[in-house]
Every structure is written in structure tokens, then in C-alpha cells.
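In what follows, a structure is listed as C-alpha cells, so that the remarks can point back to it.
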Amino acid sequence: MIELKKQIKAIQNKTYSAVYLVQGTEQYLSEKVKFALINSVLDDEVSEFNFGQFDMRETTIDVALQEAESFPFFGDKRLVFVQAPYFLTGKTVTNGPDHDMSYLESYLGNPSDFSVLVIFAPYEKLDKRKKITKTLLKQAEIINIEPLNEKSVYDLVKSTCETEGYSIDSDALDKLIQLTDRNLSKSMSELDKLMIYHQQDKQITLSTVEQLVPKTLEQNIFELNDLVLSKKVQQSIELYQDLLTQKEDPIKIIALMIGQFRLLLQVKILRRKGYQQADIAKILKVHPFRVKLALQKEKKFEQTILSKAHHFLIDADYLIKSGKVNPELQVELFILKFSDEQSHLQVN
């Protein structure tokens, strides 16, 4: 993030590279780079004549490069954006255009000094075995926009609030980060909505976050499992019915419930073996935040109870997929059956 700030600052100060490769999947950061380039490189009066944007799934790279080789119209620089360069990855596009990689290699070796060519690669990784990828990585200035970790997202959202003259309660910020899956683009999008709502008092609260920021299906399932484990039968069924009203698939709901109960069991077992949060996350290959939540939850329940829930759900999933039961009713039956089983286990 520090390096990205330096690169954006250089762009704002009109210190440009001839070719940029913006690589990564964080959409919010990608938009920040685009905004900085457009506002710095282009002259407002003739910007529409000196800006080109080309999607490589629809247009050949030749067209974009010819644009970059054309002198700017009454301006100092021409700005060319290349989007979706799938030829840098192992992906293929059915009936996609025929790209001339030799033309791109030639341009990278001798780019126009009156143009700024920006290649946006919104992919987790590139195919570094390809000659064109190797050449681009060597010749271009790399702007990394990989997803940020939880702390960085937290800090950036908080600093954005302060910059805009808003304050946000710590529990409200925690909830916002949680509801947006610690994804910066989602967090910033929801933050815009919250700031509009609080434009009078400038104070973002927990109640507003809970009211305005929607839960994902996985978050709803986490809450459903929590209610089930807490033997809150009526609330469990009401939440489940709400999900059905939202047209969620019962099979998908059960699959997510199974996954979350499996995670609770795995985390409990690994914790008992002495593993810490970071180690558990690496072993299970899941986000550390999910492990953190699971650690908070699993301590409240015996392994036998978690194991029973997991087995009941697997049985329900089998019955649904074999066509032996009504899919919508099976989740409710599980809730009732598991509640009775908990009571039986606790009595014994």
C-alpha cells in the first residue's frame, strides 16, 4: 500500500512511465489508479480526443497500440487503457480476437514518449511462462493492486472517514468490515452509502451499519448456525424462512451449513492440539478472520454436539440429493431434530 501511494503521488506530480501494468483484483484500488491517471495526464479541453480504452476480449491489441502511436491532439500526452488482457494468463476466450504479440513486444521495446499505455490485468496471477508476460513484467512499471489484509482495509476505511470529516464507532467499523467480507471495494461502496445517510450528524453508528449494510448468504448461514447451536428454534426457522423468501436454494444453504460446522470441528480439534490462530488458518487454508470467529464460537460447545450437527446435516444433504425428501422442509427438520438431540445429550 505504501508503494502504491508513492506511485499515485508520482502520477499526480506528472512523473509518468511510458507503460504501466496494473495487476491485481482489488477494484477500488484499480479505480484510484484510473482516476489519478485521467486527472493528471489529460487536458480537460481535449481529453476526449487523447483518451482511448480498449477491451482485449473484443478488440485486437493492434488497435490500442496504433492509438498509443498517434500524436496527441492539442495536448502533451495521449492516455491509452488496455482492459482484460487475457493473453497474459492461461485463459482463452472463445471466438476472441487474434492478437499480434510481436507488435506488442516491439512497442514495449520502444514505447511512444508522448503516450502513457496502461494495461489493467484484473487477475490473481499471470502466466509468467509466456514470452509476452516476461517482456511486459520487465519493461513496464508494475502497480500492484492485490487485495489488502484485514488490518489494512480497517485502517483505510477509518482514514477515509476521518478525511471526509466523519467519525465511526469502533464496533460499527468492525461490523462494516465483517459484513463486507474484509473486501476493500465492498467496504468503500457501503461506506459511501453510510456517509450519505449520516451527512447531517457525520457520526456512523453500529445500528446504522446493521440497518443499511446487507448480509451475504454465508453471513446469514453463520447466524443461522449460531441460532441452531443456541437452541433458538423459532428464530432459526424464521431466519431460514427469510432466506427461502429471498429465493435462496435449500441445497446451497445446507452445503454452507455443513462447511461451517466442519470448520468449527476442525478448529476445535486443532486448538486442542495446541495450534494457534495463524497456524490453523494456514493448515485449513481459510481466511484468518474465519478462524478467529470459529475460535470464539467452538469453545462454547462440546465436540460431540458439533459432530452430531455435522452428521445430521450430511444425512439431510444425502436425503435431499437422492430425492427422498422435500428440500425446503429438511432444514427445518434438522433444526428440530438437533435441538432435541442437544437436550438429550445435556440431560445425559
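The values are calculated or read from the model by the stated rules, or taken from the named source; none is laboratory data. Only a predicted model underlies this, so the values are computations on that prediction, with no experimental measurement involved. Cβ: placed from backbone, ideal geometry, glycine included. Neighbour counts: every protein chain shown. All accessible areas refer to the heavy atoms of the entire protein, side chains included, with ligands and DNA or RNA removed. Shrake-Rupley method; radii C 1.70, N 1.55, O 1.52, S 1.80 Å.
I'd like the orientation of helix 184-197 relative to the chain: the angle between its Cα long axis and the longest Cα principal axis, in ° from 0 to 90, rounded to 10. For helix 184-197, the angle is close to 80 degrees.
Taken about its Cα centre, segment 1-125 carries a charge dipole of about 600 debye when Lys and Arg each add +1 at the Cβ and Asp and Glu each add -1 at the Cβ.
Under a 5 Å amide H cut-off, with hydrogens placed 1.01 Å from N, I143 pairs with L21, V22, Q23 among residues at least 5 apart or on other chains. Mean residue ellipticity at 222 nm, helices only, the chain: -18500 deg cm²/dmol; runs of at least 4 DSSP H residues each add -39,500 (n - 2.57), and the sum is divided by the number of residues. What's the carbon and sulfur percent of the chain's accessible surface, probe 1.4 angstrom, rounded to a whole number? Here carbon and sulfur together make up 49 percent of the probe-accessible area. For the listed residue pairs K175/K231; K125/K273; K125/K285, the alpha carbons are over 26 angstrom apart in K125/K273. Which is farthest toward the positive dipole end of segment 126-278 among Q260, G274, L224, measuring Cα position about the Cα centre, with Cβ charges +1 (Lys, Arg) and -1 (Asp, Glu)? Of the candidates, G274 comes out farthest on the positive side. Cross-link reach is defined here as a Cα-Cα straight distance under 20 Å, omitting same-chain residues fewer than 8 places apart; for K324 the aspartates and glutamates meeting it are D249, D315, E332.
To the nearest ten degrees, helix 150-163 and the longest principal axis of the Cα atoms of the chain are 70 degrees apart.
Using θ = phi - 60° in the Karplus curve 6.51 cos²θ - 1.76 cosθ + 1.60, the 3J(HN,Hα) couplings for segment 203-214 round to 10, 8, 10, 4, 4, 5, 4, 5, 7, 9, 8, x Hz; x is entered for Gly and Pro.
Residue pairs exceeding 21 angstrom between C-alpha atoms, taken from K91/K130; K14/K77; K268/K292; K14/K151: K14/K151. Each residue was assigned an accessible area with a 1.4 Å probe, and for H311 the value is about 100 Å². Measuring with a 1.4 angstrom probe and ignoring ligands and nucleic acids, K151 comes out at about 140 Å² accessible.
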